[in-house]
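The values are calculated or read from the model by the stated rules, or taken from the named source; none is laboratory data. The shown structure was predicted, so the numbers you read here are calculated from the model rather than taken from an experiment. A quick note on method: Cβ atoms are made from the backbone with ideal geometry, for glycine too, and the neighbour counts reach across all protein chains shown. Surface areas here come from the heavy atoms of the whole protein model, side chains and all, with no ligands, DNA or RNA. Shrake-Rupley method; radii C 1.70, N 1.55, O 1.52, S 1.80 Å.
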Amino acid sequence: GHRVEFIYNKTRAEIASINAEIEASIIAMFRDIGRIDPSYETVKAVYEYMARNYSYDATNLDQSLYSVMIHRSGVCASFSRSFQFIMQILGIPCTVVYGRLTRSEGVLGTTLGHEWNLIQLDGKWYHVDVTSAVSVYNGKEVNYRFLCATTEDILKTHVIENLVPVPECNSSDYEFFRYHGLCVDT
């Protein structure tokens, strides 16, 4: 005997209008990046697009994807949810990871909670932190450190505090610098 009651703060018409806005924003993004396929190159293009076109706003309390997709600003929760939604549209498995950032080194340094994503490409999992890319962009070059990172690399600046176990990301196949031949091993 439990009773669950939902109270909505938007009408069906308002929800339909919001959904149409989000859809139009995503279509415009895909038009700008010029691709829509479940590949590393599309993941990279979405990551770059978000880093260059959106901004981090700690005062923005709206943690939904609407905040990022329509107002082009948000916090880690809204960025991770937006990225997850876009990846799901592309057919790329993606989930949100919960934890904290531990060192600033040009990224948002905080002991507060943080969210980022895990994506699966070619059967292997990778960490993607769009928020950190957005927060350090400021008209400079895109920081690819958080695109398809391994668990070993992400743990240099992040702490994973997920309630559900997170798959080990040990492949560097799509780690940006290795993938593009920009890495020196010795």
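Against the main long axis of the alpha-carbon atoms of the chain, helix 76-90 sits at an angle near 90°.
Here is how the number arises for the chain: DSSP H runs of 4 or more residues each give -39500 (n - 2.57), the sum is divided by the residue count, and the result at 222 nm is -12000 deg cm²/dmol. Counting only other residues whose beta carbon sits under 13 Å from that of Arg81, what net charge do I get with K and R as +1, D and E as -1? So the surrounding residues net to -2. Given a 1.4 Å probe and every protein chain left where it sits, what share in percent of the accessible area of the chain is carbon and sulfur? Percent of accessible area from carbon and sulfur atoms in the chain: 51. Accessible area per residue for the range 1-150, computed on protein heavy atoms with a 1.4 Å probe, is 51 Å². Placing a label point 7 Å from the Cα of Val164 along the Cα-to-Cβ direction, the residues of the range 73-88 whose backbone N falls under 18 Å of that point are 77-78, 80-88. Distances between placed amide hydrogens fall under 5 Å for Val97 paired with Trp116, Asn117, Leu118, all partners being 5 or more residues away or on another chain. Label sites at Ile70 and Arg35, each approximated as a point 7 angstrom past Cα along Cα to Cβ, lie 3.1 nm apart.
Taking every DSSP beta bridge that has both ends in the chain, the antiparallel portion is near 90%.
Look at the alpha carbon pairs under 8 Å that are at least 6 residues apart: their mean separation over the length of the range 1-114 gives a relative contact order of 16 percent. Projecting each Cα onto the charge dipole of the chain (Lys/Arg +1, Asp/Glu -1 at the beta carbon, about the Cα centre), which of Gly123, Tyr47, Gly74 comes out farthest on the positive side? It is Gly74, whose Cα lies furthest towards the positive end.
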